[in-house]
1. Could you say which residue among 431, 412, 419, 383 is surrounded by 13 or more Cβ atoms within 10 Å (Cβ to Cβ) and at pLDDT 95 or above?
2. Does residue 91 fit the bill of being away from the ligand (no atom under 16 Å from the Cβ), touching a residue at least 24 places away in the same chain (Cβ under 8 Å), crowded, with 19+ Cβ neighbours inside 10 Å and over 18 Å from residue 183 (Cβ atoms)?
3. Which residue out of 50, 23 is outside any loop (DSSP other than H, G, I, E, B), at negative phi and away from the ligand (no atom under 16 Å from the Cβ)?
4. Say we look at segment 201-229 and pick out the residues that are assigned to a strand (DSSP E or B) and more than 11 Å from the ligand (Cβ to nearest atom); which of these is surrounded by the most Cβ atoms within 10 Å (Cβ to Cβ)?
5. Would you be able to say whether some residue in segment 341-352 is surrounded by 15 or more Cβ atoms within 10 Å (Cβ to Cβ) and either more than 30 Å from the chain's Cα centre (by Cα) or at pLDDT below 95 (or both)?
6. Counting just the residues of segment 56-81 that are within 16 Å of the ligand (Cβ to nearest atom) and part of a helix (DSSP H, G or I), which one comes out farthest from the chain's Cα centre (by Cα)?
7. In segment 2-38, how many residues are surrounded by 17 or more Cβ atoms within 10 Å (Cβ to Cβ) and touching a strand residue (DSSP E or B) at 6+ places or on another chain (Cβ under 8 Å)?
Ligand SMILES: [Zn+2]
């Protein structure tokens, strides 16, 4: 397999350090709110990576942390008059409920930050001892970026952007000028704290991931993933802390997933466009449609999310389910070319995955299989189920297929759309009644017709 390694800036042949075992770390959720579609896209990308590696014959050991103490969760707890523990447990449950609905496989370990304070403190102690960290005027412990000569190697900061001697206490910052960042924040009134030899306080966000990844995966591991907005400062700081402490290379490969855009715009609090899975479900949309939408865009490209694109994804997924159900129902004997065709499809599928996880291309190959007239239905089904081990659309059980619209109904809906475009409203209305007789309701949304079974509506 070949991956685009953000660290080297090149596409490289992937070679794990321990034979067929791939150890990888994924920055997990900060459990202070529901995950939004941008977060969910990243988790789906990581799930596709995990499933693809396994499909290519690797064993996978994945660690995803749960950030249950940081600036954001403390702020939220204060605002709601609750403890970080109660906020954390509420949104940890919602996170696991979301990933289940999206068919995201569970990682091997989900370490919580608050359960690894001891590991973080020992890592900080090593950094202080090796002179990479110092106590600031505010009694917090900071990492001295000028001491780590490779600082900026992931995000490609040139030397002159580094502001020597300046410190930043906040977990999240993205200034042009890199600064000494916090490892241990001195205790503040009204914030949770732990005792330590540096004085009571709490960990900075960045040190959490270094401590937890190395605890479960070792000093050097194979892949670190996240979203592009984490490259600086979070991932850059993880590298600095870890490599300064161990003197060894931290993660060999860095894969960073791109952003999601909402109707062409960046997600932002002011635009109120932070959609969650709850918003999708409120519109009666299947969470797996969102998964299907994500499959259609390469992880290094921006994905434009709109209700229209999601409804199209739902229609495409439903069409796929209809096709699979029909293939399942039709029994036939093996055809002469089966073996050759199956192996040809397999090769192309593996090549697509190995080409920096080209899932959209792989999805196109699945559709070719579905439409192929030369291959037997048994041959097709074998391929479909095998490929779906990567896509995770539950094509075997056809989970969520209650909203499948049969082709004859879909044809009427298309015909009605044509009439409406031509302003032949009387005829269009007659078709709508016909569709209703068949048990389906058509609603005209700005994005196009939404078809729902009347029983379930
Ligand atoms: Zn992280």
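The values are calculated or read from the model by the stated rules, or taken from the named source; none is laboratory data. Keep in mind it's a predicted model, so treat the numbers as computed, not measured. Here the Cβ positions follow ideal geometry from the backbone for every residue, glycine too, while neighbour counts run over all protein chains shown.
1. Details: 431 fails: at pLDDT 95 or above; 412 fails: at pLDDT 95 or above; 419 fails: at pLDDT 95 or above.
After applying the criteria, what remains is 383.
2. Values: away from the ligand (no atom under 16 Å from the Cβ): yes; touching a residue at least 24 places away in the same chain (Cβ under 8 Å): yes; crowded, with 19+ Cβ neighbours inside 10 Å: yes; over 18 Å from residue 183 (Cβ atoms): yes.
Judged against the criteria, residue 91 is a match.
3. Numbers: 23 fails: away from the ligand (no atom under 16 Å from the Cβ).
Only one candidate passes the filter, namely 50.
4. If we filter segment 201-229 for residues that are assigned to a strand (DSSP E or B), which is where we start, we get 201-203, 221-227.
Cutting the leftovers down to more than 11 Å from the ligand (Cβ to nearest atom) gives us 201-203, 221-223.
Values: 201: 23, 202: 25, 203: 27, 221: 24, 222: 22, 223: 25.
Taking the candidates together, the pick is 203.
5. Yes.
6. Taking segment 56-81 and keeping what is within 16 Å of the ligand (Cβ to nearest atom), we get 62-73.
Still in the running and part of a helix (DSSP H, G or I): 71-73.
Working: 71: 22, 72: 20, 73: 21 Å.
By that ranking, first place goes to 71.
7. As a first pass, look at segment 2-38 and keep what is surrounded by 17 or more Cβ atoms within 10 Å (Cβ to Cβ): 3-7, 14, 16, 22-38.
From the residues that got through so far, the ones that are touching a strand residue (DSSP E or B) at 6+ places or on another chain (Cβ under 8 Å) too are 3-7, 14, 16, 22-31, 34-38.
The number of residues fulfilling the criteria is 22.
A quick yes/no check of all residues on (1) within 22 Å of the chain's Cα centre (by Cα); (2) within 19 Å of residue 223 (Cα to Cα); (3) more than 14 Å from the ligand (Cβ to nearest atom):
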site	(1), (2), (3)
28	yes, yes, no
33	yes, no, yes
37	yes, no, yes
40	yes, no, yes
54	yes, yes, yes
83	no, no, yes
